[in-house]
Structures are given as structure tokens and as C-alpha cells.
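The values are calculated or read from the model by the stated rules, or taken from the named source; none is laboratory data. In this text the structure is predicted, and so the values were computed from the model without any measurement. When we count neighbours, we look across all protein chains shown, and the Cβ atoms used for this are built from the backbone with ideal geometry, even at glycine. Ligands, DNA and RNA are excluded from the accessible area calculation, which covers all protein heavy atoms including side chains. Shrake-Rupley method; radii C 1.70, N 1.55, O 1.52, S 1.80 Å.
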Amino acid sequence: FAEALKLGTALGISEEVLCQTLLGGPAAAPFLKLKQQKLLNREFSPQFPLEWAHKDLHLAGVTAYEQNVALPLLHTTKELYAQAKEAGFGEEDLSAVYRVFLKDK
């Protein structure tokens, strides 16, 4: 979702219009609708800290490895969350991963 927002804004579409479009369809995850205001308002007080999400992604990756299951997108996502933690966003809400893509972090 964060990547879709980044691409859309690079094309000149406002975040508000993107959220309305991406979250208004039948395939939209209800979870993302809960994060919409955090993204638009850049208000990332933690509901679920980013560092906890990163830990959970790591544990899921370890479990997948132990079961010989390839989850390449999980590992890519985990690395994105690692970048966000390195940038100092670990104690913010997991939606703060969007800040990795922002110029005005």
C-alpha cells in the first residue's frame, strides 16, 4: 500500500484521491482503512509498533525456512521494515513504514 501511495503521488495524484480509490474497492483490506488517517495526517502514534511487526515478519520467515517454504515477498517486506527501524521509526505505528518513501520524513 505504501508503494502504491508513493507511485501515485509521483504521478501527481493526491494521497487523498489514492486512498479513496485504493480503499474504496471490494478488494481493499479493512485493516488498511484503519490506517488511512495515520498515513494522511503523518500521525504514527503506535497502535502496533513497527518493531513488533518486524519481529513477527522475522519469526514467520524463520518458520517458513524451517518448513522449506519460500516466502520471497515476506523477506522483501521484512527488509523494508528493517529500513524503517534503521531510520528511527521502530517505536511508531507499523504504518510508519510509509515514511521510508517520503521525502519529508
Completion exercise
So the FRET efficiency between residue 34 and residue 67, C-beta based with R0 = 35 Å and rounded to 0.05, is 0.70
Problem - residue 27 versus residue 14: modelled label distance in nm, points set 7 Å from Cα along the beta carbon direction - result: 2.6
Problem - Calculated from backbone phi, Karplus (6.51, -1.76, 1.60) coupling profile of region 53-62 in Hz, x at Gly/Pro - result: 4, 4, 4, 5, 4, 4, 5, 5, x, 4
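Taking the solvent-accessible surface of protein heavy atoms with a 1.4 Å probe, what is the per residue accessible area of the chain in Å²?
Per residue, the chain has 64 Å² of solvent-accessible surface.
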Handout entry: Label-point separation, residue 58 to residue 82 (7 Å along Cα→Cβ), nm
Key = 1.0
Exercise for the section: Return the carbon/sulfur percentage of the accessible area of the chain, one whole number, probe 1.4 Å, all protein chains in place. Expected result: 59
Handout entry: Within straight-line cross-link reach of residue 85, lysines at Cα separation under 17 Å, skipping those fewer than 8 residues along the same chain
Key = 55, 103, 105
